[in-house]
1. Are there any trypsin sites (Lys or Arg not before Pro) in the range 246-348 that are in a DSSP loop and have at most 13 other Cβ atoms within 10 Å? List them by number.
2. DSSP loop GluC sites (Glu not before Pro) in the range 180-247 with at most 16 other Cβ atoms within 10 Å of their Cβ, which ones?
3. Highest first, please rank the peptides 342-348, 129-135 by the mean number of other Cβ atoms sitting within 10 Å of their residues.
4. Ignoring ligands, DNA and RNA, please state the percent of accessible area on the chain from carbon and sulfur, probe 1.4 Å.
5. Mean Kyte-Doolittle of at least -0.5 plus a Cα span of 27 Å or more along the axis: flag which DSSP H helices in the chain meet both, please.
6. Give the Debye-formula value of log10 I(q)/I(0) at each listed q (0.11, 0.12, 0.13, 0.19 Å⁻¹), with one equal scatterer per alpha carbon of the range 103-202, two decimals each.
7. Would you compute, from DSSP H runs of 4+ residues alone, the mean residue ellipticity of the chain at 222 nm, taking -39500 (n - 2.57) per run and dividing by the full residue count, rounded to the nearest 500?
8. What does the accessible area per residue of the chain come to in Å², with a 1.4 Å probe and no ligands, DNA or RNA counted?
Amino acid sequence: MDFTVSQTQQAVAEAAAHVLGGHARGRAPGQRGQPGQRGQYGQSGPPAGQDDSYDRALWKELAQAGLLGLAVPGSLGGEGLGVAETAVLLTEAGRAAAGVPALATLAMGVLPVTRWGSSEQQRALLGGVAAGDTLLTAAVREPSEPVPTVPATTLRGGAGGGTVSGVKIGVPHAAAANWILVPASLGPGGAAIAVVGASAPGVTLRRTPSSSATPEYTVRLDEAPAAHVLAGEDAVADLYRLTAAGACCVADGALAAALALTTEHIRSRQQFGRPLATFQAVAQQIADIAIASRTLHLATVSACWRLDTGRAAGSDTDVAAYWLAAEAPAAMRACHHLHGGTGMDVSYPLHAYSALVKDLVTLVGGADYRLGLLGDRAG
């Protein structure tokens, strides 16, 4: 097993850090990752394709740097790369707490389409992604279960098309997306990914709250036409794995950034004439945070490596998602605690990381849910 970072991955990391880091340095800490105003749209959110709750300028900068087309086929203006390179970009997005739809478009949209879509479908769905003009997302969660093996949502008409009916919750950036990937049941023993236009007839979006103010929606589908269907025995499960792995990448970057912020704080902050870092209790807590961060990183890299190389990745993805849900929130709370009153200041960047992690925990289903999945695998 070789987890060595390739030259391509290193180049992606440097380019992403340059764009995202430069953007963050140019804004006040309290503004990082903050979405646009939404009062004009009311509770239902803006019309599809008009959601202003992400940083469009930063998204365009990422496109101009060639970062949005990493996994897009070369024939469509991309680089034709895969999970490993996308993972690096997502980690840097988490490190900057960037208010952009990178997780939704790249991990939950582009990667599943390139892995399960035909050449014709890839052209239709990914044509404007590299330029930053096309956004995708996926509706993986249902009211009854975060990643249902047998979705309650149904696709009538088979794998060749038809209509989709059902309810999905917590769909990120649904109003801004051009396309929504919807896992749906085909009937007894079958499921596929239906691709639905966000503004298609029968699609209703309702804005719901999130900790980080990242736009999330309940999507109600009432015989909405499926523009495309990504069929394959493992397509739905692969979408779930890519979503969880992508969430872990973003959390990896966020927790690493929070650790770095906290380490600098306890190094420079003095109490009783001594740096906070010299107190034993503080040193023990920062060590626990570092262990949680490093373990999340290794588990995430393992899951992404297996996905990228075509190996069975279900157990590794569940382990990484479990560690995210079980350990990252506690580590974030410890970061706030070590900051004292500073950690409660919304103009200080720490809150952006902890709010982001809360939303990612919800996306992967929580610690108990992921532990249950691991238990089912163990028999």
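The values are calculated or read from the model by the stated rules, or taken from the named source; none is laboratory data. None of the values given here were measured: they were computed from a predicted structure. Using ideal geometry, Cβ is built from the backbone for each residue, glycine included, and neighbour counts are taken over all protein chains shown. These area figures cover heavy atoms from the full protein model, side chains too; ligands, DNA and RNA do not enter into them. Shrake-Rupley method; radii C 1.70, N 1.55, O 1.52, S 1.80 Å.
1. Those that pass, being in a loop and sparsely packed, are 311.
2. Here the GluC sites (Glu not before Pro) that fit, given the DSSP loop and packing criteria, are 233.
3. Ranked from most to least packed, the peptides come out as 129-135, 342-348.
4. Roughly 52 percent of what the probe reaches on the chain is carbon or sulfur.
5. Passing helices, by number: 235-268, 280-308, 314-339.
6. Computed log10 I(q)/I(0) values: -0.30, -0.36, -0.42, -0.92.
7. -15000 deg cm²/dmol
8. 41 Å²
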